[in-house]
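Here the structure is laid out as structure tokens; the discussion comes afterwards.
The values are calculated or read from the model by the stated rules, or taken from the named source; none is laboratory data. Predicted model, so just to flag it, every value in this text is computed and none were measured. Because the Cβ atoms are built from the backbone with ideal geometry, glycine has one as well, and the counts that use them run over all protein chains shown. Surface areas here come from the heavy atoms of the whole protein model, side chains and all, with no ligands, DNA or RNA. Shrake-Rupley method; radii C 1.70, N 1.55, O 1.52, S 1.80 Å.
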Amino acid sequence: MTSKNKETKISSRGPLALLLIAILFGLGLSCKEKQKNLEKTNNATAQRWTKERINAWYENQTWLVGANFVPSSAINQLEMWQDDTFDTLKIDKELSWAHDLGFNTMRVFLHDLLWEQDAQGFIKRAERYLEIADRHQIKTMFVLLDDVWDPNPKLGKQHEPNPHVHNSGWVQSPGHEVLVDSTQYKKLEHYVKGVLNHFKDDPRVIIWDLYNEPGNPNSNSYGELEPENKEIHSLRLLKKVYQWAREVNPSQPLSIDVWTSVNKELNEMSDIDKFAFENSDVINFHCYANAEATAQMVERLSTANRPLFCTEYMARSVNSTFQDILPIFKKHKVASYSWGFVSGKSQTIYPWDSWQKEYTAEPELWFHDVLREDGSPYKEEEVSFIQSITDDAEILVDAELGDWDRHHYLFGLSDPWKLKGKDQTHFDYVVTPEHFYFYFKTMDATPTKITYVNERSLLPADRVELFFSSDKELTEYYGAEMTPKGEVLDFKASFPRNIDHGWDFKTLTLATKDIEGGYIVEGSISRKELESFGIQNECYMGVFRADFHGGKKVNWYTKTIPDSPKADFHIPSAFSKVSLNE
């Protein structure tokens, strides 16, 4: 009955009614179509960067090395950024020290309450920070949210540090109350999108870390104050934050921390780590572990075929040290952010167990941090190492040859005695203020096997050779004859052939590698040792190779053909003058 009445009413209106219905129906379709188009647009901007895009981006970046930064005058993010404690003088001084170390990037934590308190003022201070960092040639990774330490952050004056306790004042963002109440996520969306929109095309910001250690239960510190099933709340928020960030679609890559998977296979990751691994543009991970475990983690994560960013490492008491870890990261071009820089109110020179164990004085072994408040190093040798490995001119001796451009490049050593031609040896050297670096990449189809007894047992071995003299007459000269296995026959000599095989180089460092059809020998000698030989800005150098074919059959190759009817590299004409200027 009702249906018939409706039909009667419609038909009684005639053509006008039909026209109206058509218009309304069309508008409905139009709105739906617009919504679909909007969803398509959002989906288009919410895509993870392709491997091709992110790797092309990373190709244009230098090796990124730095630290997690908070000025020594701040106990946490709020004290760093609030207007009355924003210490630009301290920030400027400490970032200048970072630049002097060779650091070119810093990871810096923000906080949602700062946006809620005074968004305009907060952005203004963040701009000021970036101005200072940029002046010191330091790129910034901003961290938007954080699930670590105190779950009850409060604006205003922050409390003084608890004596001798690691990170006794660091605060989470958002706090417990907001994390568990999704009705408050709208204000987090305003914060996340507001910051991202403002800096989304700022070249001083190199990358974004959306959420530090989501789901961290803080069991050894604030565990009793944490919500039940925190990881469920954190994953829910994490997915929202990721969506908001993709909707902004900044020009910089987005990342989330893989932080619980140091010793786990990829298929054993937690739900949070899996989400981070599968959605980050770069693979952002934390690894407080020794060199072996760190190298294994790098190998596992490398299967993603994306750039790797280790945004937390370096805890000395667990053997995560600069000397052990940075060579691994440099070899694989892993962007590296140690925890802690200048010792101060965060008190991260104390270990994590300072929450359970009482400390009454500065620990003999610092847990984190590099410098004291006056800028002096905790360990001189550590700072020297950092400066050396971050020096663009310094080369990592690892037989991978990843650091080499062509400097004094040579292809082919000559055998003028038997073959009357050249081999396929690549040789190069480069000089820095600290070292003389070199490498040989040699093709050898007839490798010989030698049982090492002593240096003299290397005489019938395949090898490459470098000789040095401060003068053309070879009043004194020094030689290193190096096998594909890194064994060395070195000596001190004077012309003619007064050779002391009991003498050894003190600073010769080698790395070797077998390659298809040959081998690589890469090495370095300190400039100070060469200077002790009287070698300063130039010297006379011989570059040679011995290729044995079993027994005594051998071909001898040389860079400079000597004035001799048979192979003899211990005469002045086998040497040529070279420059050692940087």
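When each of the peptides 329-340, 231-242, 415-426 is scored by the mean number of other C-beta atoms lying within 10 Å of its residues, the order from highest to lowest reads 329-340, 231-242, 415-426.
Along segment 360-368 the Karplus relation, 6.51 cos²θ - 1.76 cosθ + 1.60 evaluated at θ = phi - 60°, assigns HN-Hα couplings of 10, 7, 3, x, 4, 9, 5, 7, 10 Hz to successive residues, with x for each Gly and Pro.
What does the convex hull of the Cα atoms come to per residue for segment 227-352, in Å³? The partial results should precede the final answer.
On the way: hull volume 18.2 nm³, N = 126.
Here the figure is 145 Å³ per residue.
Pairs over the 30 Å Cα-Cα cut-off, from the set Lys139/Lys528; Lys485/Lys559; Lys379/Lys577: Lys139/Lys528; Lys379/Lys577.
Phi angles across segment 563-571 convert, under the Karplus curve 6.51 cos²θ - 1.76 cosθ + 1.60 with θ = phi - 60°, into 3J(HN,Hα) values of 7, 7, x, 9, 4, 8, 9, 9, 10 Hz, Gly and Pro given as x. For segment 507-582, the gyration tensor built on C-alpha atoms gives an oblate shape. Its axis ratio a/c (a ≥ b ≥ c) is at least 1.5, and a/b is not larger than b/c. Give me the base-10 log of I(q)/I(0) for segment 59-188 at each q in 0.12, 0.19, 0.23 Å⁻¹, Debye formula, one uniform scatterer per Cα, rounded to two decimals. Ignoring solvent entirely, the Cα scatterers give -0.49, -1.12, -1.43.
Applied to segment 338-352, the Karplus parametrisation 6.51 cos²θ - 1.76 cosθ + 1.60 on θ = phi - 60° returns per-residue 3J(HN,Hα) values of 6, 8, x, 9, 9, 4, x, 5, 6, 6, 8, 6, 8, x, 4 Hz, with x for Gly and Pro. Stokes-Einstein diffusion for segment 262-334 at 4 °C, viscosity 1.567 mPa s, with a Kirkwood radius from C-alpha pairs, works out to 104 µm²/s.
Within the shell defined by Cβ-Cβ distances under 11 Å, the residues around Ser526 carry a net charge of 0, with Lys and Arg each +1 and Asp and Glu each -1.
Within segment 290-388, the ratio Rg/Rh, alpha carbon atoms throughout and Rh by Kirkwood, equals 1.01.
Near the amide H of Asp146, within less than 5 Å, lie the amide hydrogens of Ser173, Asn212, all on another chain or at least 5 residues away, with H placed in the peptide plane. To the nearest ten degrees, helix 291-301 and the longest principal axis of the Cα atoms of the chain are 60 degrees apart.
Take each peptide in 138-151, 257-270, count the other Cβ atoms within 10 Å of every residue, and average; sorted highest first, the result is 138-151, 257-270. Adding -39500 (n - 2.57) for every DSSP H run of four residues or longer, then dividing by how many residues the chain holds, sets the calculated 222 nm ellipticity at -10000 deg cm²/dmol. Largest first, the three principal axis extents of the alpha carbons in segment 386-429 are 48, 17, 13 Å in whole numbers. The residues of the chain have, on average, 47 Å² of accessible surface per residue, using a 1.4 Å probe with all protein chains present. Taking only the Cα atoms of segment 122-261, the radius of gyration and Dmax are 15.8, 45 Å.
The alpha carbons of segment 346-424 stretch over 76, 26, 18 Å along the principal axes, in descending order. Taking only Cα atoms, what is the 0 to 90° angle, nearest 10, from helix 15-45's long axis to the longest principal axis of the chain? The angle comes out at about 30 degrees. Value of Rg to Rh for the chain, rounded to two decimals, is 1.14; Kirkwood radius and Rg both from alpha-carbon coordinates.
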